[in-house]
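Input: a single structure, listed below in C-alpha coordinates.
The values are calculated or read from the model by the stated rules, or taken from the named source; none is laboratory data. Everything numeric in this text was worked out from a predicted model, so none of it was measured. Cβ atoms come from the backbone with ideal geometry, glycine included; neighbour counts cover every protein chain shown. These area figures cover heavy atoms from the full protein model, side chains too; ligands, DNA and RNA do not enter into them. Shrake-Rupley method; radii C 1.70, N 1.55, O 1.52, S 1.80 Å.
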Amino acid sequence: MTTAAVEDLVLGPRMISFCRISREGAAAANDHDDEEGSVLMTLRSLASGEVIGWADTDLDGQTARLETHGTDELQVTYELIQLSGAWLIETAKARGLVLFAWGQEPTPVVVPMDVFEL
(Lines give C-alpha, C1' and ligand atoms only; values in the text may rest on other atoms or scores of the structure.)
Protein backbone atom coordinates (compact mmCIF):
# COMPACT_ATOMS: atom_id res chain seq x y z
CA MET A 1 0.00 0.00 0.00
CA THR A 2 1.31 3.42 -0.91
CA THR A 3 0.31 6.73 0.56
CA ALA A 4 0.32 9.94 -1.39
CA ALA A 5 2.49 12.67 0.02
CA VAL A 6 0.47 15.69 1.05
CA GLU A 7 2.15 19.04 0.71
CA ASP A 8 1.80 21.64 3.42
CA LEU A 9 -0.53 24.52 2.65
CA VAL A 10 1.40 27.75 3.17
CA LEU A 11 -0.45 31.06 3.60
CA GLY A 12 1.58 34.21 3.36
CA PRO A 13 3.79 35.75 4.23
CA ARG A 14 1.55 38.59 5.35
CA MET A 15 3.58 41.75 5.84
CA ILE A 16 2.78 43.63 9.05
CA SER A 17 3.49 47.37 8.87
CA PHE A 18 4.50 49.10 12.09
CA CYS A 19 6.16 52.25 13.35
CA ARG A 20 7.48 53.41 16.69
CA ILE A 21 5.52 55.75 18.93
CA SER A 22 7.23 59.14 19.11
CA ARG A 23 8.08 60.81 22.39
CA GLU A 24 4.89 62.86 22.08
CA GLY A 25 2.88 59.63 22.00
CA ALA A 26 1.80 59.88 18.36
CA ALA A 27 2.68 57.46 15.57
CA ALA A 28 5.32 58.61 13.11
CA ALA A 29 3.41 60.20 10.25
CA ASN A 30 5.70 59.66 7.30
CA ASP A 31 5.93 56.41 5.39
CA HIS A 32 9.72 56.39 5.56
CA ASP A 33 9.60 55.42 9.23
CA ASP A 34 7.41 52.33 8.66
CA GLU A 35 9.03 48.96 9.22
CA GLU A 36 7.66 45.50 8.49
CA GLY A 37 7.11 42.34 10.45
CA SER A 38 5.45 39.23 9.07
CA VAL A 39 3.14 36.28 9.62
CA LEU A 40 3.60 33.02 7.71
CA MET A 41 1.00 30.28 8.30
CA THR A 42 1.48 26.61 7.48
CA LEU A 43 -1.24 23.95 7.57
CA ARG A 44 -0.64 20.19 7.47
CA SER A 45 -3.31 17.49 7.09
CA LEU A 46 -2.63 14.33 9.07
CA ALA A 47 -3.66 10.80 8.16
CA SER A 48 -6.03 10.81 11.13
CA GLY A 49 -8.09 13.55 9.47
CA GLU A 50 -6.86 16.20 11.85
CA VAL A 51 -5.23 19.39 10.60
CA ILE A 52 -2.39 21.04 12.46
CA GLY A 53 -1.21 24.54 11.78
CA TRP A 54 1.38 26.98 12.94
CA ALA A 55 2.04 30.66 12.40
CA ASP A 56 5.59 31.98 12.43
CA THR A 57 5.38 35.60 13.51
CA ASP A 58 8.02 38.32 13.55
CA LEU A 59 7.66 41.86 14.85
CA ASP A 60 10.57 44.19 15.54
CA GLY A 61 12.98 41.26 15.94
CA GLN A 62 10.76 39.32 18.34
CA THR A 63 9.56 36.01 16.96
CA ALA A 64 7.09 33.33 18.02
CA ARG A 65 5.63 30.13 16.63
CA LEU A 66 1.95 29.78 17.49
CA GLU A 67 0.30 26.38 17.00
CA THR A 68 -3.22 24.99 16.87
CA HIS A 69 -5.13 22.00 15.49
CA GLY A 70 -8.63 21.24 14.34
CA THR A 71 -10.84 19.22 12.04
CA ASP A 72 -10.39 21.27 8.85
CA GLU A 73 -8.26 23.94 7.21
CA LEU A 74 -10.80 26.74 7.70
CA GLN A 75 -11.03 26.20 11.45
CA VAL A 76 -7.26 26.05 11.82
CA THR A 77 -6.74 29.14 9.65
CA TYR A 78 -9.29 31.11 11.67
CA GLU A 79 -7.64 30.10 14.96
CA LEU A 80 -4.19 31.03 13.62
CA ILE A 81 -5.51 34.44 12.56
CA GLN A 82 -6.89 34.99 16.06
CA LEU A 83 -3.72 33.77 17.81
CA SER A 84 -1.27 35.68 15.62
CA GLY A 85 -3.39 38.86 15.62
CA ALA A 86 -3.53 38.86 19.43
CA TRP A 87 0.22 38.16 19.66
CA LEU A 88 1.01 41.02 17.26
CA ILE A 89 -1.22 43.50 19.11
CA GLU A 90 0.22 42.60 22.54
CA THR A 91 3.81 42.59 21.27
CA ALA A 92 3.34 45.96 19.58
CA LYS A 93 1.84 47.40 22.75
CA ALA A 94 4.70 46.07 24.91
CA ARG A 95 7.35 47.45 22.52
CA GLY A 96 5.75 50.87 21.96
CA LEU A 97 4.82 50.19 18.35
CA VAL A 98 1.77 51.11 16.28
CA LEU A 99 0.52 48.53 13.79
CA PHE A 100 -0.62 49.87 10.41
CA ALA A 101 -0.39 53.52 11.50
CA TRP A 102 -1.29 54.60 7.95
CA GLY A 103 -4.61 52.69 8.19
CA GLN A 104 -5.66 53.65 11.72
CA GLU A 105 -8.25 56.20 10.58
CA PRO A 106 -11.13 55.57 10.94
CA THR A 107 -10.49 52.05 12.28
CA PRO A 108 -7.67 51.44 14.78
CA VAL A 109 -6.16 47.97 15.28
CA VAL A 110 -7.66 46.74 18.57
CA VAL A 111 -8.82 43.14 18.02
CA PRO A 112 -6.98 40.25 16.34
CA MET A 113 -9.04 40.29 13.13
CA ASP A 114 -8.16 44.00 12.59
CA VAL A 115 -4.59 42.96 11.78
CA PHE A 116 -5.82 41.05 8.73
CA GLU A 117 -8.41 43.56 7.50
CA LEU A 118 -5.89 46.24 6.55
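A single entry from Val110, Val98 fulfils the requirement of being more than 11 Å from the chain's Cα centre (by Cα), surrounded by 14 or more Cβ atoms within 10 Å (Cβ to Cβ) and farther than 15 Å from Arg14 by Cα: Val98.
Leu40 fulfils the conditions (1) in contact with a Phe, Trp or Tyr (Cβ under 7 Å, 6 or more places away or on another chain); (2) without any contact (Cβ under 8 Å) to a residue 60 or more places away in the chain; (3) in a strand (DSSP E or B) except for a single criterion, (1).
Matching residues to (1) open to solvent by less than 60 Å² (accessible area, probe 1.4 Å); (2) assigned to a helix (DSSP H, G or I):
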residue: Leu66; (1), (2): yes, no
residue: Leu80; (1), (2): yes, yes
residue: Trp87; (1), (2): yes, yes
residue: Glu90; (1), (2): no, yes
residue: Phe116; (1), (2): yes, yes
